[in-house]
Structure formats: structure tokens, C-alpha cells
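A.B. asks: Quick one: structure below, then a few questions.
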């Protein structure tokens, strides 16, 4: 296999090194800008040239030895091989490039940093039996082959204990009956509480009592099962069934209490997620906001935080389970008189809200949509009501950029701030603040 020596001239948006060959641009995982490296195994993958990094001849000063022993196999992290300040700079530049490609030439604020390791409160593990040995871990990069792990250092010690318990259950049960394909676990370290969902092909879990007995020695546990689909690790929340233990957990977020269920979406990095919302609250307070419309409001944390200093919050969420949790959380924090939580379509129910409510007070709109961004019809309705300020939280810079161009017709983009919700990966969270022209 022919080897080549190349200079890495740039970094891709996915955190890969970029070199230029006679055949075209080549992407080299684990290589850093300015490095001289040896590559081989050059292949054409979906019309992109890719190569394997063989050796680094001249290292970048930004390169570090990854703390995770699985990094160069596991597909969970992409940029652990560069120091943390460089990771944050990479995310700032990534955001700037995506925006400029859409014609948005904006100042990008410094990335709000996180602790590098031990920050995650949840994990999704893949399971497969090979030669009578249970493999527990994550997929390899660009593969469906499982990297067998002992722990994930992004999660802290609890992931090590969980994987040990899974292996113990496998060792003690009838191998013919072991049918778990994926495990989704949420962990609250304050009470060692865990909500654990096992995905199986048929939505049933034989010997779940034995699994529960093993796990309950280490965790305050709620055990659930859900149906899995071939080659699909996404959790179909509608198929989740309660088995044993806790049906929900009550956790603390900032100074608020929250009830959460296994079907609820919770940000994986609570410290950074709460920092982002506290930053929003400070700006709203400084802007003397009186009323907030909270779209895609989830289990109610953002609405509850806003309600601590505004007169009224109108929240809309499309997930039934999340609204059930939100309603309980609003009551738990004594905000029934200040928050109106609606289960519905953010497009259709925003219409009803705008028709029925007097929104002449100083109004802010907070949106945290799915990765696909906002529909143009929702943006049009927000523009029609003319809030004094808009807060847009996003995990997808490309759809965010598209939506911002529509808002920019009537609004100034005051600030664009990346938050490092996902250290050691190429992903980021973004908060954009807009004010009316």
C-alpha cells in the first residue's frame, strides 16, 4: 500500500485534517493543521478522498495525547487529540465559516467552555454478542462495529459501574435469553439516580428482575424496556414500558426542581446547558422583558427560569410526555399562575396564542427547535408579533444560519455565542440574541 507524505493545510468542519493531493482534496482523521504526516489507504468515500493517518512526522504544538484509550477507534469523539483551547477555537471558526458561506459576516463571541471530562449525564450503549462474549460500547468511526469499552471518561465513574453491571448480568443469565441491543441511561450524580431503558427487538426483557437486583446495588434505579429496530439505535419513546423501581427522578437544576421521565429529552451537559439559560435570563432581565413565548419548551426548565422574573410565560411543546413533565414541574416550583404550558404544534398553536392573548407588553421569544430549524411560517408569525428581542438556541449552525437571514429583515443580530456542550467532539451549541431594528 503506497504511503505519501503530506502537509495538513486546514481542518474540515468535522474536525479532520485537510491535505491536497493530485487527485483532489483529501480528508485525514486525527491530523491537525500545519502537521507533516504520512498517510496511506487513500479511498474515495461518497465522492470525498479519505486517507488513514500512519505517522505524524512534525507535530502541531496543539496536539495532546488523548486521555481516552479508545479514542483512535471509538467514533464518539473527534478532536480529543488537540488541547482544549484549540477545540474551542475550532468551534468558533467552524461557526464563522458556516455563517459566512450563508452570507452572514458576524462577530463570533468566545466559546463558553466546559469541563473536559466527567460532564455527561447520559449515555447510549450498543450491545452485541460475538463468540459468546458481550461487546458493550460505541460504534467505531464510520462503522457499525462496536468498540468494547470499560468506561467512557466523558461520563465519569458511573459509566464504568454501569458497564460492569451489564457484563455481570450477561454472565449470570441464560445466553439464549439475553436480547438487549441498546441501553439508554440517564444519571443524576446528586442522588446516584438512574433511569435506564433497555432496547430489545420485541420490546420485552426476560429476567429483568435479575438485572434490576444487580443494578439497584449501585444506583437508585428505574428500569424500563423499549422496542428496537434493526440497525436503528434511536429510542422510540412511544414504546417505552416501565418494569421496576423508580418511575421518574426528581433532580435539581440551578435552584429549581425538575421531575424527569425516561421519555424526556435532557441536555447531556447540565452545567453548560444551565449556564446558557442563565445568560438568557440575565439579558431578558436587563431588557426589562415582561412576557416570554417559549417555543419547543421541553420539560419546562427554561419557562420556569423565565417565570422567576417576568409576569407571564406562554410555552408550547409538541411532545406529550415532555408537557406532562412540564406541567408537574411548573406545579412543583409554584408557577401555575405565571406559566401557561400548551401541548401542541408550534406552528398552529402559535397562531392561537397570538389571536387570544394580549401581547402588548415588552415581549421576548425564546426558541430551541430541533436540528431542522424553524419553519418559515413560524418565523413569519414571530416577525408579525414584533417581540422586542428573540433568543435562538440551536445545535445546527447550518439551519440556524438560514433562519437568521429571515429574521435579519427586521432584527439586528446582537450576539452569536458558541457553547461547548460537547467537549472533545466537533459538535457545539449556539445562542443568538436578536433585537428589533
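A.B. asks: Taking residue 83 and the conditions (1) under 21 Å from the mean Cα position of the chain (by Cα); (2) within 16 Å of residue 424 (Cα to Cα), which numbered condition does it fall short on, given that it satisfies the others?
C.D. replies: Single failed check for residue 83: (1).
A.B. asks: Name the residue that is nearest to residue 186 (Cα to Cα), counting only residues in the range 258-288 that are more than 19 Å from the chain's Cα centre (by Cα) and surrounded by fewer than 23 Cβ atoms within 10 Å (Cβ to Cβ).
C.D. replies: Restricting to residues being more than 19 Å from the chain's Cα centre (by Cα) and surrounded by fewer than 23 Cβ atoms within 10 Å (Cβ to Cβ), the top hit is 259.
Listed here are the residues, each with its yes/no results for (1) surrounded by fewer than 17 Cβ atoms within 10 Å (Cβ to Cβ); (2) within 30 Å of residue 308 (Cβ to Cβ); (3) touching a helix residue (DSSP H, G or I) at 6+ places or on another chain (Cβ under 7 Å).
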site	(1), (2), (3)
163	no, no, no
176	yes, no, no
184	no, no, no
204	yes, no, no
209	yes, no, no
217	yes, no, no
256	no, yes, yes
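A.B. asks: Moving on. So which residues in the range 412-429 are on the phi < 0 side of the Ramachandran plot and either part of a loop (DSSP other than H, G, I, E, B) or not assigned by TED's automatic domain parsing to the domain that holds residue 277 (or both)?
C.D. replies: 420, 421, 422, 423, 425, 426, 427, 428
The values are calculated or read from the model by the stated rules, or taken from the named source; none is laboratory data. Since the structure is predicted, the reported quantities are computational estimates derived from the model, not experimental observations. Positions of Cβ are generated from backbone atoms using ideal geometry, with glycine treated the same way; all protein chains shown enter the neighbour counts.
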